[in-house]
């Protein structure tokens, strides 16, 4: 499988029923899309998806995929858009696996959605 654009990737994850937390194929295919596109914005969004895919969360804590001394990958600092892309994906994603992970990443970053106590149906960011 090879994604021709981000919409194909989004469709793929919406239909993903594999509840394994590690899906190396997804990372491989989004890397191919990032590397073959000439569009800098698409490259940037693909990179955000890769960082997102590389986040390992266990018992509410982010675990680094790689760590050398005080440096670890991935880190929250990689999302240089103040998590706007991840917020958008959390809102637009229907797949419960990805919706939960996008929102968990937002929660870890301190950018999580909050419900309005006077109107529980209203969500603010």
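Scanning the range 61-77 for residues that are in contact (Cβ under 8 Å) with a residue 12 or more places away in the chain and under 15 Å from residue 110 (Cβ atoms), which turns out surrounded by the fewest Cβ atoms within 10 Å (Cβ to Cβ)?
Ranking the qualifying residues of the range 61-77, first place goes to 76.
Return yes or no: is residue 123 assigned to a strand (DSSP E or B) and either modelled with pLDDT under 90 or surrounded by fewer than 18 Cβ atoms within 10 Å (Cβ to Cβ) (or both)?
It is true that residue 123 is assigned to a strand (DSSP E or B) and either modelled with pLDDT under 90 or surrounded by fewer than 18 Cβ atoms within 10 Å (Cβ to Cβ) (or both).
Test each condition in (1) within 15 Å of the chain's Cα centre (by Cα); (2) in a loop (DSSP other than H, G, I, E, B); (3) more than 19 Å from residue 111 (Cα to Cα); (4) modelled with pLDDT of 90 or more for residue 16 and report the one that comes out false.
Tallying (1) within 15 Å of the chain's Cα centre (by Cα); (2) in a loop (DSSP other than H, G, I, E, B); (3) more than 19 Å from residue 111 (Cα to Cα); (4) modelled with pLDDT of 90 or more, residue 16 fails exactly one: (4).
As an exercise: evaluate residue 38 against (1) exposed (fewer than 13 other Cβ atoms within 10 Å of the Cβ); (2) at pLDDT below 95; (3) part of a loop (DSSP other than H, G, I, E, B) and give the number of the one condition it does not meet.
Looking at each condition in turn, residue 38 falls short on (2).
Within the range 73-88, does at least one residue satisfy the condition of being in a strand (DSSP E or B) and more than 13 Å from the chain's Cα centre (by Cα)?
Yes, there is a match, as at least one residue in the range 73-88 is in a strand (DSSP E or B) and more than 13 Å from the chain's Cα centre (by Cα).
Condition check ((1) modelled with pLDDT of 90 or more; (2) touching a strand residue (DSSP E or B) at 6+ places or on another chain (Cβ under 8 Å)) across all residues:
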site	(1), (2)
54	no, yes
58	no, no
87	yes, no
112	no, no
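The values are calculated or read from the model by the stated rules, or taken from the named source; none is laboratory data. In this text, all values refer to a predicted model and were calculated from it rather than measured experimentally. Note that each Cβ is placed from the backbone with ideal geometry, even for glycine, and that neighbours are counted across all protein chains shown.
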